[in-house]
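The values are calculated or read from the model by the stated rules, or taken from the named source; none is laboratory data. None of the values given here were measured: they were computed from a predicted structure. Here the Cβ is made from the backbone with ideal geometry for all residues, glycine too, and neighbour counts use every protein chain on show.
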Amino acid sequence: MPEDAKQKITALFQQVANRYDNPAMRYFPFCGDRMITHLRPRPGEKILDIATGTGAVALPAAQAVAPHGRVQAIDLAENMLNIAANNLQRAGLNNVDFHLMDAESLDFKSRYFDAVTCSFGIFFLSDMQAALKEWKRVLKPGGKVIFTTFSANAFAPLAEQFRADLELFDVTFPEETWLRLTTETECLELLHSAGFENNQTTTEQLGYHLNSPADWWEIILSSGLRGFLNALDNEQQEQLQQRHLANIQSHVTDKGLWLDVETLFAIGQRPA
Ligand SMILES: C[S@@+](CC[C@H](N)C(=O)[O-])C[C@H]1O[C@@H](n2cnc3c(N)ncnc32)[C@H](O)[C@@H]1O
């Protein structure tokens with residue numbers, strides 16, 4: 001990936017790190033748990049969690065492989081890793097090592113891990129196939145990779161409205177969002193092209209009702225969506241917020257504001 005794109009993504013997650021673990025974004029830890037349920041790691045195994053963020057997958061992975069198994073968790077945003085380390089300590093676990101490391105160039109020896117996990121990280125990488133090949137390198141023969149991505153329906157209709165409201169401020173959604181990888185077929189083709197076998201995918205709805213449109217704005221401020229606001233000055237951000245929250249008000253029901261989090265899980269195996 002071009003270095004400036006990588007630096008931009010890193011700076012973005014440095015910026016949102018201290019708000020990332022907020023209740024409105026609880027789909028991340030719940031998804032991490034689902035991922036480990038799908039993967040079914042055994043006690044004693046060695047797991048690599050790529051783009052670990054604040055540890056949404058690393059923590060349930062550490063719990064599953066304890067006491068003798070170990071998780072290596074990597075990310076490029078140091079602020080995210082610091083929060084992950086804190087979360088680990090609060091959970092009473094001590095079998096995760098955190099590293100500032102690029103998902104596209106791993107500093108681990110070949111054929112070492114039983115499994116590689118990556119939740120909502122792969123679509124940030126410019127060459128997803130090359131990255132998967134690198135992840136395959138560090139897997140033992142027969143070891144498994146599992147990753148998640150959002151389906152095209154995720155965050156509908158809120159994300160579409162955000163996109164439309166942003167365009168009024170001359171900000172456009174760039175290519176490098178989750179929209180690069182949104183179908184089971186694309187995930188299966190990607191796994192196959194990177195040399196994995198026994199590939200499987202499944203789609204799950206991990207959505208829930210937010211209390212109010214303000215919770216959706218909190219998600220915008222605390223996630224990758226924040227990057228689109230950075231092009232605007234404070235006054236424009238306030239104007240956008242007012243316009244956008246007014247526009248999504250019509251989606252509020254007596255249950256609250258539905259947050260669609262349709263998620264794809266993709267799993268493959270390094271040939272034995
Ligand atoms: C949407 S967050 C997901 C974090 C976590 N896996 C979760 O499910 O909550 C994406 C993470 O990918 C990290 N990331 C992006 N590009 C990366 C790269 N090239 N190498 C390592 N981490 C990267 C970001 O810093 C961020 O923490």
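Below, the figures for the structure above:
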{"read-out": "Members of the range 150-172 that are of a type in the set (A, V, I, L, M, F, W, C) and away from the ligand (no atom under 16 Å from the Cβ)", "value": "Ala152, Ala156, Leu158, Phe162, Ala164, Leu166, Leu168, Phe169, Val171"}
{"read-out": "Single unsatisfied condition, His209 versus (1) buried (at least 16 other Cβ atoms within 10 Å of the Cβ); (2) outside any helix (DSSP H, G or I)", "value": "(1)"}
{"read-out": "Of residues in the range 117-133 being within 10 Å of the ligand (Cβ to nearest atom) and not small (Gly, Ala, Ser), the one surrounded by the fewest Cβ atoms within 10 Å (Cβ to Cβ)", "value": "Phe123"}
{"read-out": "Residue within the range 35-43 that is under 18 Å from the mean Cα position of the chain (by Cα), part of a helix (DSSP H, G or I) and free of Cβ contacts under 8 Å to residues at least 12 places away in the same chain present", "value": "yes"}
{"read-out": "Qualifying residue in the range 182-200 (condition: touching a residue at least 12 places away in the same chain (Cβ under 8 Å), assigned to a loop (DSSP other than H, G, I, E, B) and under 23 Å from Ala156 (Cβ atoms))", "value": "yes"}
{"read-out": "Selection within the range 63-112 - part of a helix (DSSP H, G or I), away from the ligand (no atom under 14 Å from the Cβ) and surrounded by 14 or more Cβ atoms within 10 Å (Cβ to Cβ)", "value": "Gln63, Ala64, Val65"}
{"read-out": "Of all residues making up the range 209-227, the number that are hydroxyl-bearing (Ser, Thr, Tyr) and within 28 Å of Ala77 (Cα to Cα)", "value": "2"}
{"read-out": "Residues that are at pLDDT below 95, in a loop (DSSP other than H, G, I, E, B) and within 11 Å of the ligand (Cβ to nearest atom), drawn from the range 1-34", "value": "Met1"}
{"read-out": "Hey, Thr263 among the polar types (S, T, N, Q), in contact with a strand residue (DSSP E or B) (Cβ under 9 Å, 6 or more places away or on another chain) and either in a loop (DSSP other than H, G, I, E, B) or within 28 Å of Asp21 (Cβ to Cβ) (or both) or not", "value": "yes"}
{"read-out": "Evaluation of Glu160 against (1) buried (at least 16 other Cβ atoms within 10 Å of the Cβ); (2) not in a strand (DSSP E or B) (one fails), failing number", "value": "(1)"}
{"read-out": "Conditions (1) buried (at least 21 other Cβ atoms within 10 Å of the Cβ); (2) over 30 Å from Gln236 (Cα atoms); number of the one not met by Lys140", "value": "(1)"}
{"read-out": "Residue in the range 84-98 that is over 22 Å from Lys136 (Cα atoms) and among the basic types (Lys, Arg) present", "value": "yes"}
{"read-out": "From the options Thr201, Thr177, Thr182, Thr172, residue that is of a type outside the set (Gly, Ala, Ser) and exposed (fewer than 15 other Cβ atoms within 10 Å of the Cβ)", "value": "Thr172"}
{"read-out": "Some residue of the range 134-149 being within 9 Å of the ligand (Cβ to nearest atom), among the polar types (S, T, N, Q) and under 19 Å from Lys46 (Cα atoms)", "value": "no"}
